[in-house]
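See below for the structure under consideration.
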Amino acid sequence: MNVIFTCGGTGGHINPAIAVANIWKERYPDSKILFVGATGHMEEQLVPKAGFALRTFPTSGMSRKLNLTGLKNNIKAVKNVFSAIKGCKQIIRQFQPDVILGTGGYASFPMLRAGKQMKIPVCVHEANAMPGLTTRMAADWADRVLVCFEESRAHYKHPEKAQAVGMPVRREFVYADKAAARQALGLDQRPLIVSTFGSQGARAMNLAMADFMVLEQAQGFPYQHIHGVGKFGWEWMPELVKEKGVDVSQGSVELREYIYDMPTVMAAADVVISRAGASSCNEIAASGTPCILIPSPNVTDNHQEKNARAIEARGGAVVVLEKDCTAEYLMEQVQRILSDKSRYDVMSTALRGSVVLDSAERICDIMEELARK
């Protein structure tokens, strides 16, 4: 059976699709798998690294600005959608997929729509409790809507088509060995802090982490620290850290544009400081690494804070709002987590207990069912 996965924009949309694609490849080694996404975005790096073929189209998101600039952007976005749908139909004719799975981002809409128009079974997975724009648009005509939480089904016009399957994460997050991961990264006996705020980076959080690194140096680098700067922060943050007098050459602090080996880094980590996108939360939970979650304040329906609060309620995370986030407060929270082994173990257990470990397998089951029909 041939499968198309369509997703794009951020790792939060792409990595779940890769997790499902890996399971599909195990089940059907001879199956052809193709990813379709947006030109110039993160999928162009992540998908080939995962070993899958990728086709892209120029696409752009809709603007919420009610001015001339917003209007021009939206006219261009609509033109791109129609052009991409036409191109996706050509791909379908050539590739002959048996089923199409979309995992979010505006880049996934053209392929989902083209598939439906050409009578290919399509399903869409929504990572967040509240449906995003692409899912809302596709929910009425998709053959199946896959959600993370049972209670999320109530947010859809046709809840009978929605099925709770959890959030797919790559097996490496679940089964990676901590000792082996630390050895692979060349770490010493000090605790490892991992911080990351999305593939694009978050300016406010990069600024806070630069100050955090100053504190680490002032305390004699009690921790090792790997920080994912993000695409935009990579242009200025390394220089800022240098200007603040932080010596990254001695190896206690490592700046990366993107953490490509995240399963290994997460397994080696003792504390993770992160945004609270659904994919990030589930990867952290699967690894069982106690975390400090700082939800983005710039997302639809404040869904990141809802994600973070749900984990906090189970005892797996400390939640800090961006407006309250300072380097000093973050350092205090890190020290509290690492100094209390009983609390640390409770957090780790709570995190692992919140993950649907066979989510990718469940999604593959549904895709098989649709393909056979």
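Every number in this text was worked out from the coordinates using simple rules, so none of it is lab data. A quick note: this is a predicted structure, and the numbers were derived from the prediction, not measured. Using ideal geometry, Cβ is built from the backbone for each residue, glycine included, and neighbour counts are taken over all protein chains shown.
Quick notes on this one:
- For the range 225-263, chymotrypsin sites (Phe, Trp or Tyr not before Pro) meeting the loop criterion (DSSP other than H, G, I, E, B) and having at most 10 other Cβ atoms within 10 Å: none.
- If you plug the beta carbon distance of Lys119 and Lys49 into 1/(1 + (r/R0)^6) with R0 = 30 Å, you get a FRET efficiency near 0.35.
- Computed 3J(HN,Hα) for the range 234-245, one whole-Hz value per residue from the Karplus formula 6.51 cos²θ - 1.76 cosθ + 1.60 where θ = phi - 60°, is 4, 6, 9, 5, x, 5, 4, 4, 5, 5, 7, x, glycine and proline marked x.
- Over 31 Å between alpha carbons, listed pairs Lys25/Lys178; Lys86/Lys161; Lys49/Lys178; Lys79/Lys323: Lys79/Lys323
- Global form of the range 172-353, assessed from the alpha-carbon gyration tensor, a/c cut-off 1.5: rounded
- Using a Förster distance of 45 Å, the FRET efficiency for Asp324-Tyr175 (Cβ separation, nearest 0.05): 0.80
- Here the extension length gained between Arg309 and Ser249 equals 17.9 nm, from 0.36 nm per residue of separation less the Cα-Cα distance.
- Legend: ranking of residues Thr10, Thr300 from fewest to most surrounding C-beta atoms inside 10 Å; resulting order Thr300, Thr10.
- Hits among aspartates and glutamates - C-alpha to C-alpha of Lys341 under 18 Å, sequence gap 8 or more where chains match: Asp270, Glu312, Glu332
- Contour excess over end-to-end distance, with Cα ends at Asp30 and Phe95 and 0.36 nm allotted per residue: 22.0 nm
- Taken as entire DSSP H runs, the helices of the chain that both span 30 Å or more between Cα atoms along their own long axis and average -0.5 or more on the Kyte-Doolittle scale are 68-95.
- Efficiency of FRET between Thr300 and Lys86 - r from beta-carbon atoms, R0 22 angstrom, step 0.05: 0.20
- Counting 0.36 nm for each residue step from Trp141 to Ser342 and taking away their Cα separation leaves a gain of 67.5 nm.
- Given (i) 29.5, 108; (ii) 20.8, 63; (iii) 21.2, 70, the label whose value is Rg and Dmax of the Cα atoms in Å derived from this model: (ii)
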